[in-house]
1. Which Rg and Dmax, in Å, describe the Cα atoms of segment 274-344?
2. Can you compute the charge dipole magnitude of segment 163-307 about its Cα centre, using +1 on each Lys and Arg Cβ and -1 on each Asp and Glu Cβ, nothing else charged? Give it in debye, rounded to the nearest 20.
3. Dipole of segment 527-654 (Lys/Arg Cβ +1, Asp/Glu Cβ -1, origin at the Cα centre): which of A635, S555, L619 lies farthest to the positive side?
4. Note down the Stokes-Einstein diffusion coefficient of segment 527-654 in µm²/s, whole number, using a Kirkwood radius over alpha carbon pairs, 20 °C, and 1.002 mPa s.
5. Using the count of nearby Cβ atoms within 10 Å as a rough guide to exposure, how do S382, S532 rank from fewest to most?
6. Using 0.36 nm times the number of residues separating E301 and E454, minus their current alpha carbon distance, what extension gain do you get?
7. With the crude spin-label approximation of a point 7 Å out along Cα→Cβ, what separation in nm comes out for K511 versus D484?
8. Just one of [x] 37.1; [y] 32.5; [z] 27.4 is mean projected area of the Cα convex hull in nm² calculated from these coordinates, so which is it?
Amino acid sequence: MPDSSATIEAHLKEARTFEPPEAFRQQANVSDEGVYERARKDPEGYWAWWAEQLEWSKKWERVLDWTDPPFAKWFVGGKINASVNCLDRHIREGRGDKVAFHWEGEPGDTRTLTYSELKREVCRFAAGLKGLGVKKGDRVTMYLPMVLELPIAMLACARIGAAHNVVFGGFSPKSVGERMNDCESRVLVTCDGYYRGGKTIEQKGRADEAAAAVDAFDKMVVVKRLDGEAKLQEGRDVWWHDLVEGKPDDIEAEAMDAEDMLFLMYTSGTTGKPKGIVHTTGGYLTGTFATTRWVFDTKEEDVYWCMADIGWITGHSYIVYGPLTNGLTQVMYEGAPMYPDKDRAWAIAERYKVNVLYTAPTAIRGFMKFGGEHPEKHDLSSLRLLGTVGEPINPEAWMWYHEKIGGTNCPIVDTWWQTETGMHMITPLPGVTTTVPGSATKPFPGIDAAILDENGDEVGAGKGGFLAIRKPWPSMLRTLWGEDERFIETYWSKWDKKTYFAGDGARKDKKGNFWILGRIDDVLNVSGHRLSTMEIESALVGHGSVAEAAVVGASDPDKGQAPVAFVILESGSKDGADLRKTLNQHITEEIGPIAKPREIVVVPDLPKTRSGKIMRRLLVDICEGRDLGDTTTLADPDVPKEIKDLYEERAAKTA
């Protein structure tokens, strides 16, 4: 029997490769592989070179202090302000009239802000926050959808030295209150409501419920988005537009120490309360600035669209701080990407002539399900670069994205990183890297990534192990809010206090490309074989009958765990015994008989958050017969019950 503690078995193979198009390579920001070696030889000098391109009110005295690992300090003694680097420096360089955001609401209303106008709104709200008593070091919580007031509020906090704590707008009031209590946030910025999927979502009542659970609550600022009248609590609540009325168009920015906290972002743990990830100012700005410039190959004239929600780290790093420090013009969209029609996203891309598009594999598979005819309705010739984020992308979804959206002309940057890392860690450089569908390829220059076994030794090519980062990087998390010991235990205790444990499984092929196998928690132990659920999912989606798949492990008396697959079929494919036989044969050919699912359940949809993340925990609960709990944060709260009924019906037939 294999040693289940040593490595993760990796089986999928992918032979297709894509060189950067020659025309792209010639204009790329990076077209020389020598950048990797230069960063390796002098990592501190390399990161200092990036930091020098930002604006500092006082230069640092030391690039890196790593004397007390895992507690890193970057650009020690330096003073910097994130708002200044996103706004003021561009205005001084003549970009004041350049569009910062093209915003589009789901009903079709639009709004455009130039860099000068964005700075004005930021300063007015910053002055409003100061008027509410917010000062340097305070925490301000935001519970907002994709409206422009969200990045404005974040930059306003950065301007006055308050840390922001953005909570995804679809989270429950309980989640908001829990996070506010943990970081002792006394101010909440929210809205009366917003539009999503053709529905009007009421938010103020949810915010009131959250505030009621906060121990020390002072003020609520409410953005007016809907036509109706929300009920404001006298003495506590204030409309955003009233708060900023008459406030100055410019206020002085606070000089922040490089290691001062810029923001808190909570991420759920497998057990216990959510973890408050602490990101600081100088290093985080340096990492997001650098990766935006090189990974997205950004140009002065680019129109960039990241389809993520700012409530997640992707939106923080690659809608707010990375793109704005680079002075980009962006598209920002409020609503569902397939409302009112399946081609809404492509209509937006055509309307604003988007050049760089960044989205998630779950969204791509959702678009795939409805066929290539929807993007074909639109002129997408402005696109020159595509990106994916959020989870490993299966090769067939990569190819669909490449062909149907990129017209085979656009390099794809498949990026691996985390809330904790703050920036891209493993990613192609589009003018240099030979890409492979399904692989994130190589670590970003300056990142020392490796695949280790339980003992901390590197595993051989083709074998699966634990993804690790062996040297500090500027945008790394500094600690967990109020929980230094949990910070060490969670991320730095597996081998030594100098090696970051990412919690993901991965393998590296003979050419040095990294393949992410998914969370270690999602690795199945089937009769002693450690199998990646991602690989089984990828094999299923690689069959022409399957549009999307989620695989989880269910308790099995004989095997310990057995794979259970939940699949969405392509239009025209039919459920039945023949289909299951075909899919099992396909998995056997792609991976091996050990990976065949115990059950294949055909479902109309999968339980997803509004950001597109599949909630596999709910699928495990269904397989184990557990109560489903609160499903209100899902895009469709009724989906888990439908799946549960289908699973139980399927299990009864095979019992």
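1. That works out to 13.9, 42 Å for Rg and Dmax.
2. Charge dipole, segment 163-307, about its Cα centre: 820 debye, nearest 20.
3. S555
4. Result for D is 144 µm²/s.
5. Listed from fewest to most nearby Cβ atoms, that is S382, S532.
6. My answer for the length gained is 50.3 nm.
7. About 4.6 nm separates the two model spin labels.
8. After the calculation, the listed value that fits is [z].
Every number in this text was worked out from the coordinates using simple rules, so none of it is lab data. All of these numbers come straight from a predicted model, not from anything done at the bench. Cβ coordinates were reconstructed from backbone atoms using ideal geometry, including for glycine residues, and neighbour counts include every protein chain displayed.
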